[in-house]
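**Q** I have a structure I would like to understand better, so I am pasting it below and will then ask my questions one at a time.
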Amino acid sequence: MTDAGQGKTKGIARVTSLGLIPQKSEPPTSPVKPSLELEYKLQEQNGLTPHALSKGGLRPHALSKGGLRPHALSKGGLRPLPSSCPGKKTPILLVPIPSSNYEGCSKSSRSNTECAILETCNLEGHLAVSSQVPSATTPAHTELSPVSIILGISVNGTKSEVLVARREDGLRVEERLQLPHLEQLLYWFETHEPETTLGLSANSFNNIDGQPNPGEREAGLLTKDEFKETLVKVLGSHDFDDQLDNLFTRLDTSCDGFVDWNEFCTYMLLQFRENDYMRAKKQIPFRTEAKQETTSKIVAAENPTKYISVSKEGAIIVWDTSLHFEKHYCLTEREDHSSRRRVREWVTDMVYMSNCHKLAISSSGRDIRFFDATSTQYFEEFYLYGLPNVPSSLCYWCDRENPGHESILLYGDDHGAINLLYFHRPLMQLFASPFKKEDGVQRVFFKELNLHSRWVRSQCLEDIHTESIRKLVYMPDNDCVISSSGSSKNSLVIMDIQRKKKTYVFRLNKGVDCFDYSKNANLLTTGSTDHLVRFWNPYVTSKPVAKLEGHSMSIVDIKIHETLNQVFSLSRDTILKVWDVKEHACLQTVLIKFPSSLLGRLPDFGQHVMHLQGSPSQNALLITANDYIALLKVGQSGIGSSSAPTTHMTQLCCAQYNSLFKQVVTAADDSTMAVWDVETGSKSMLFTNAHGNEEITCIAFDHTWRKLISGARNGTVKVWGIQNGHNLHCMESVSEAEVTGVVPINGKQMTLAVGWSRQIVKYHTSEHDMMNVKADVSWKGGQRHEEDILASAYSPSLGLFVTASFDGEICVWSLEKESLYCQLRNRHQIHSTQQPAPVDKVIFLHARTNDKRTEAAILVSSEAGVLRWWSVFGTTKELGFFYAPQDRADESVLALCTNHDDSLLFSGDTHGLLHVWNIEDYCKVTQPH
């Protein structure tokens, strides 16, 4: 190392740190932070160990610019020197620089270094460094500028030698000036007071020596010497003295020997503009910077299914169903005719027009673009511009059964109005063709839509909301529209488009950020910034059906899955919750781990965040955040195919209602019976293996509603206690033939059983303690049926018992005499060429049986789908008939029942349909209807 004072070479004991030594400057109001003190910890006796003084030290490439900027010194977390240090001198600042920045320096570059010996003091392992150099060691004081670079520090006893490298040549003073320097210069120009303020005349010029001619001078005009002195004060260095003369000459454009602030600013502005121009001309590899564009909307195109996303700045990307990239497009920039410049607009919403396979994209430029998506390559077809306001949300509706009929494009704007565009022939054309064939996109001015009246008409519903409309949903059944906004006065509005019906206004303190509507479930769900999910009846605005708590941040979007009967809600912290519509309970909570939210930062969402694809082939939920898309598979498509829950493992065979306990008993083919509470829907009791492994074929309640009687395919009959599930009686079977009907007789402690045995069997249950009850086959009327008995009915008021068989015979019995009362139809009455139809079901109309003298029909039978109406007391037995399954042939009616006054008849057929018939006045006279 070279000694600056003696010119001798000394061995360097150890290089331990690199850094800067800024010189103390004294501007009047300096924005630069004052110098700080450092402390180094001594860990070796004859050397320093590097100590982490700053976490954010200076970057190595800063050396290549020839000097370090003063403001970079403020990045380090520096600790002050202890005040008790006896050797404390004027403090200086050191910032660590990696050794790789000076180890490769050549000898020639090191020859221009300066050496300064700094005083140290040893205080509890600390080394204090000061900029005051002892005169005994160094005959001439060596000044260290703020841009000096320390190449090394050598510790020898109590002295430290610092190897300093001056700034590199080539750095211009204009490049050295930064914003803090300019602020100081402005201060010097504003506060400058010349020695002689004599008002400089316009004809004053420099003399031959470059000095101004004598005359009056205004404040703020600096001479060359004053300018150089001011720059030295601001920069705190004399390193640029050789450039200041040339700089003053370039600034003095008026050649009067003075420089003012305006001349200085004009010159600097031209320099910066020239630097930017030269930098742009350089051949750089990357012309554009990669940007993260927030996704505004994602929709699904059909045939085949594709996902289409659009970003806030107009990047359209097409994905397959697995979110694999296929192609992309960019919205073209439009020219602003007023300023003749091209402007970039923000996309607000996008919808897919399913019947005509087009995309409608709205933007902040008060326009809507229509893209044709029928082919593999999408292209912009129409450009509707000049809308009165900015369209903020879109909604499209078309008749899927008649895609060529009129369709509607609705859009809400930022002034709270709803606009409707009715396309009369969407499959043929949206707008009229221009008179002159033009290449490219057809432009349509909104105020000239009357010229396109053959194809489209518009309607505006004003003053619906006081703020921008956030979402729209069209209700085609009643021609209404649902809209939401952030206003507390009209947060959500359901209104008739024709404004003839009542308008429903929902008011929430913090407005409605998102909502969804389901017609089948008659459910309206909303989410807002109060972290609550609300379920509403669409026509009750006073109070929600339920308030669901669980989110800790505002709700950004919400969707209803009708098939699963569930609601999906997403909050701003990317928490997805699944709610059960019936139970109003949270079923699942999912954290969507977007990369942008892993470091605790909240992602940026568009206005429409979620898309629910509910088709059976693609049952998925898509969520967008920043420029990411999350795809969540929503279970298996077959799970939610039926909205009704499964109550049994096998198919049901019969059901009975208990009016006393308000319960329903269902029986299945796996020999199980379940008791259900009608009011709550919960299962209160389950009978397993009621008849072993045999299928249950019929069930009935006794007149007390406390005993349940069941019959099985093997001919067994059992009696159960409905309150405790105990088996009270086991009836003896007469044969291993299926029991098709069990009828408890009121007041006689007796039960009748019929079936494939073709007999009427009596069981006497008068002894309650008797478990096994023997069968009594001594029916006085004998065995009249030659085919299996399929149906039976009992009328307590008339004391009549009816049996019907497979061959179509219907017999009416008197219970008191156990004899045949009458035979409505026997096998001999059926035409020999006609195939007999089995009787599937018979019922009595009990409300009509109170009058025994009536000639009206009191019995209904079902035969191959035909309902026949019979009179028991009249001369004419069959009064009427009709085919119940309507337009479907070869169907049968297996279930019949009536209401309490026999005014309505309910029939269920083998096609699975339930019909309701008005029979209040049907077949009450002898003439057939």
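The values are calculated or read from the model by the stated rules, or taken from the named source; none is laboratory data. This is a predicted model, so every value here is computed, not measured. Here the Cβ is made from the backbone with ideal geometry for all residues, glycine too, and neighbour counts use every protein chain on show. Side chains are part of the model used for accessible areas, which takes the heavy atoms of the whole protein and leaves out ligands, DNA and RNA. Shrake-Rupley method; radii C 1.70, N 1.55, O 1.52, S 1.80 Å.
**Q** Is there a pair in 297/519; 559/633; 306/471 whose C-alpha atoms are over 18 Å apart, and which pairs would that be?
**A** Pairs exceeding 18 Å: 297/519; 306/471.
**Q** List the aspartates and glutamates whose Cα sits under 14 Å from the Cα of residue 762, skipping any in the same chain fewer than 8 residues away.
**A** 732, 776, 816, 818
**Q** Would you list the P(r) distribution for the range 219-281, with all Cα-Cα distances sorted into 5 Å bins from 0 and each bin expressed as a whole %?
**A** Histogramming the range 219-281 at 5 Å steps yields 3, 17, 24, 23, 18, 10, 5, 1, 0 percent.
**Q** Taking amide hydrogens as modeled 1.01 Å from N in the peptide plane, which residues meet the under 5 Å criterion relative to residue 416, leaving out close sequence neighbours?
**A** Excluding prolines and chain starts, which carry no amide H, the hits are 469.
**Q** Then there is this: Tabulate in residue order the Karplus-calculated ³J(HN,Hα) for the range 349-358, using 6.51 cos²θ - 1.76 cosθ + 1.60 with θ = phi - 60°, rounded to whole Hz; enter x for Gly and Pro.
**A** Going residue by residue, I get 6, 8, 9, 9, 8, 5, 6, 9, 6, 10 Hz, with x marking Gly and Pro.
**Q** Would you tell me the accessible area of residue 272, worked out with a 1.4 angstrom probe on the heavy atoms of the protein chains, in Å² to the nearest 10?
**A** Approximately 90 Å² for this residue.
**Q** If you filter the range 426-509 for GluC sites (Glu not before Pro), then keep DSSP loop positions with at most 11 other Cβ within 10 Å, what is left?
**A** 438, 462
**Q** What number does the range 647-779 give for Rg over Rh if you use C-alpha atoms and the Kirkwood radius?
**A** When Rh is taken as the Kirkwood radius, the ratio is 0.95.
**Q** In whole Hz, with x marking every Gly and Pro, tabulate ³J(HN,Hα) for the range 472-477 from phi via Karplus 6.51 cos²θ - 1.76 cosθ + 1.60, θ = phi - 60°.
**A** Using θ = phi - 60°, the values come out as 10, 9, 9, 10, x, 5 Hz.
**Q** While we're here: When Lys and Arg each count +1 and Asp and Glu each count -1, what net charge do the other residues less than 15 Å away from residue 455, Cβ to Cβ, add up to?
**A** Combined, the nearby Lys, Arg, Asp and Glu give +1.
**Q** Can you compute 3J(HN,Hα) from phi for each residue in the range 784-799, using the Karplus curve 6.51 cos²θ - 1.76 cosθ + 1.60 with θ = phi - 60°, rounded to whole Hz and x for Gly and Pro?
**A** For the range 784-799, the Karplus-derived couplings read 8, 8, 9, 10, 4, 7, 9, 8, 8, 8, 9, 10, x, 5, 8, x Hz, x marking Gly and Pro.
**Q** Given R₀ = 30 Å, FRET efficiency for residue 628-residue 507 by Cβ-Cβ distance, to 0.05?
**A** Efficiency, rounded to the nearest 0.05: 0.25.
**Q** Can you tell me how the range 846-909 classifies by the Cα gyration tensor, rounded, prolate or oblate, using a/c under 1.5 as the rounded cut?
**A** On the way: a/c = 3.14, a/b = 1.64, b/c = 1.92.
Note, shape of the range 846-909 comes out oblate.
**Q** Then there is this: Given +1 on the Cβ of Lys and Arg, -1 on the Cβ of Asp and Glu, and no further charges, what dipole in debye does the range 647-779 carry about its Cα centre, rounded to the nearest 20?
**A** The dipole of the range 647-779 has a size of about 300 debye.
**Q** Need the list of aspartates and glutamates near residue 924 for cross-linking: C-alpha distance under 16 angstrom, and skip anything on the same chain fewer than eight residues off.
**A** Within reach: 851, 855, 878, 901, 902.
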